[in-house]
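Worksheet: one structure, shown below.
Values quoted throughout were computed directly from the atomic coordinates according to the rules given, and no laboratory measurement underlies them. What you see is a predicted model; the values in this text were computed from it and never measured. Heads up, the Cβs are rebuilt from the backbone with ideal geometry, glycines too, and the neighbour counts pull from every protein chain shown.
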Amino acid sequence: MGRTSSEVKDRYNRKAYDQLIIRMPKGNKQKLRKEVEAAGYDSVNRFVTEAIEFYLEEVNKDQKNAEGKQ
């Protein structure tokens, strides 16, 4: 018997992506969603992903600058 479409997608997603679960107080999700949409993002996931990538780039720059000063 063949695999269902969702099983195939789930298998691909497990291979291709890391999953991060964020827990926050009730009501904050809706507030965040409204702010994210107002800022022009198409999803909370994209906003969080880009924020994390930006942070990691900044940390990397700071580390390189610190190494250059030593």
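Some observations on this one:
- Simple spin-label estimate for ARG23 and ARG11 in nanometres, 7 Å along Cα-Cβ: 3.2
- Sparse-neighbour loop sites [trypsin sites (Lys or Arg not before Pro); the chain; at most 13 other C-beta within 10 Å; DSSP]: ARG3, ARG23, LYS26
- If you wrap the Cα atoms of the chain in a convex hull and average its projected area over all directions, you get 8.3 nm².
- The chymotrypsin sites (Phe, Trp or Tyr not before Pro) found in the chain that occupy coil by DSSP, while having at most 10 further C-beta atoms within 10 Å, are TYR17.
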